Amino acid sequence: MAPAVEIEVDGRSVRVSNPDKPYFAELGVVKRQVVEYFLAVGPGILGALRERPTTLERWPGGVFEGAKLSTRADHTGDAFYQKRLPKGAPDYVESARITFPSGRPADEVCPTELAVVAWAANLGTLTFHPWPVSRADVDHPDQLRVDLDPQPGTDFTDAVAIAHEARDLLRALDMDAFPKTSGGRGVHLYIPIEPRWTFVEARRAVIALARELERRMPERVTVNWWKEERGSRVFIDYNQMARDRTIASAYSIRPTPRALVSAPVTWDELSSVHPEDFSVLTMPARFAEVGDLHAPVAHHAYSLDALLEMSARDERDHDLGDLPYPPEYPKMAGEPKRVQPSKARD
């Protein structure tokens, strides 16, 4: 192992241990290059994380064949989610107090400067999962995040088509969204909103948006929570707006052999790009050329009134109430039975 190195980040010295440790062996990318990647896209990654409670997805052994992420059911994985501020963190690593759906509180990392990102990268963090709230008000989202998730038989092209339809719908409601690749086959849309509504209301707004898209594109869109009912359609994962559910931030690295990253794109280029275009090796040059395409997210704040009116109309006129929450959540008011349809009993 090579000796640790110190990297200067905006006047702070950040220690990088084992800098030559392979992190993406197929590409020949080592740990130090991962840290340097985040510094190269610094204004972008910090813009996505600044003042937001953030879960760290840590791959301390790098990404290798057979590596897996620990889950609630299996804690033996090679990687894991860090939901609490690690012990021994430098004093410049600040935190934000959040509350899980269970009611338990936790102090999560809350990045305020680029040195925090570099420090987290040294811990093996590849993917950052910021909450859609600011530290100043952790109970009222300031972003709607729409996750267009292609199911088997569909792909990125299908997600792109639905993204454009979603934008048309939003613009008719005097709203707009900012797209990015997920780093996989999907598309993420960020909709900045006024922080006046709860997580429950924000989630219902996404459900209303998703249901309208399903009505417009029934052969291509589904809001069915149960996989057995989705078919070969793009699932709009409305539960990503539930409390403590997050998606990979812009510029995060995904644990894929090619070190793909979640890349902001313009609406004009969305139909002509592919997730494989954006990786740890290619994004720094792109960022130097186009800058942070998600920077405008911080300068807009739309009202949810129109989407919540759609939600109320769905319930009143079509008897369409709430949809199931993830299995680890407590039973929520108005939620239907949380049971797989093929296993449900009359």
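Against the main long axis of the alpha-carbon atoms of the chain, helix 156-172 sits at an angle near 60°.
Across the chain, where is the longest run that never hits GluC sites (Glu not before Pro) in a DSSP loop with at most 11 other C-beta atoms within 10 Å? Between the exposed loop sites, the longest stretch runs 66-218.
For the chain, the antiparallel share of DSSP beta bridges with both residues in that region comes to about 90%. Size estimate for the range 291-346 follows the Kirkwood approach: the inverse of mean 1/r over distinct Cα pairs works out to 14.9 Å. Ligands, DNA and RNA are left out, and with a 1.4 angstrom probe the accessible area of the range 166-210 is 30 Å² per residue.
Would you work out what percent of the accessible area of the range 72-223, with all protein chains in place, is carbon or sulfur (probe 1.4 Å)?
Details: 2760 of 5720 Å².
Summing carbon and sulfur atoms, their accessible area is 48 percent of the total for the range 72-223.
Compute the convex hull volume of the Cα atoms of the range 35-174, divide it by the residue count, and report the result per residue in Å³ as a whole number. Kindly include the intermediate steps, with their values, before the conclusion.
Details: hull volume 24.8 nm³, N = 140.
Taking only Cα atoms, the range 35-174 has a hull volume of 177 Å³ per residue.
Roughly speaking, what is the stretch gain from residue 165 to residue 26, that is 0.36 nm per residue apart minus the C-alpha to C-alpha distance, in nm to one decimal?
Details: separation 139, 0.36 × 139 = 50.04 nm, distance 3.72 nm.
Gain in length upon complete extension: 46.3 nm.
Using the Kirkwood radius over Cα pairs, work out the Stokes-Einstein diffusion coefficient for the range 252-346 at 4 °C and 1.567 mPa s, in µm²/s as a whole number. Could the numbers behind the result be given before it?
Numbers: Rh = 18.1 Å.
In µm²/s, the coefficient rounds to 72.
Would you mind computing the Rg to Rh ratio of the range 99-154 from its alpha-carbon coordinates, Kirkwood style for Rh?
Result for the range 99-154 is an Rg/Rh of 1.06.
Scattering from the range 183-309 was approximated by placing one identical point on each alpha carbon and applying the Debye formula without solvent; log10 I(q)/I(0) at 0.13, 0.14, 0.17, 0.19 1/Å stands at -0.67, -0.77, -1.10, -1.27. Against the chain, whose longest principal axis comes from its Cα atoms, helix 305-318 is set at around 40 degrees. Directionally averaged projected area (the range 167-254, Cα convex hull): 6.5 nm².
Per residue, the average separation of C-alpha pairs within less than 8 Å and at least 6 apart gives the chain a relative contact order of 18 percent.
Probing with 1.4 Å while keeping every protein chain in the model, the per residue accessible area of the range 37-141 equals 41 Å².
Calculated mean residue ellipticity at 222 nm for the chain: -7500 deg cm²/dmol, from DSSP H runs with n ≥ 4 weighted as -39500 (n - 2.57), summed, divided by the residue count and rounded to 500. Exceedance of the 26 Å cut-off in Cα-Cα distance is limited, within the set 180/227; 21/87; 180/337, to 180/337.
Ranked by the mean number of other Cβ atoms within 10 Å of their residues, highest first, the peptides 66-76, 126-136, 290-300 fall in the order 126-136, 290-300, 66-76.
The values are calculated or read from the model by the stated rules, or taken from the named source; none is laboratory data. Note that the structure is a prediction, hence the values are computed from the model and not measured. When we count neighbours, we look across all protein chains shown, and the Cβ atoms used for this are built from the backbone with ideal geometry, even at glycine. The protein model used for the area step is the full one, side chains on, heavy atoms only, and it has no ligands, DNA or RNA in it. Shrake-Rupley method; radii C 1.70, N 1.55, O 1.52, S 1.80 Å.
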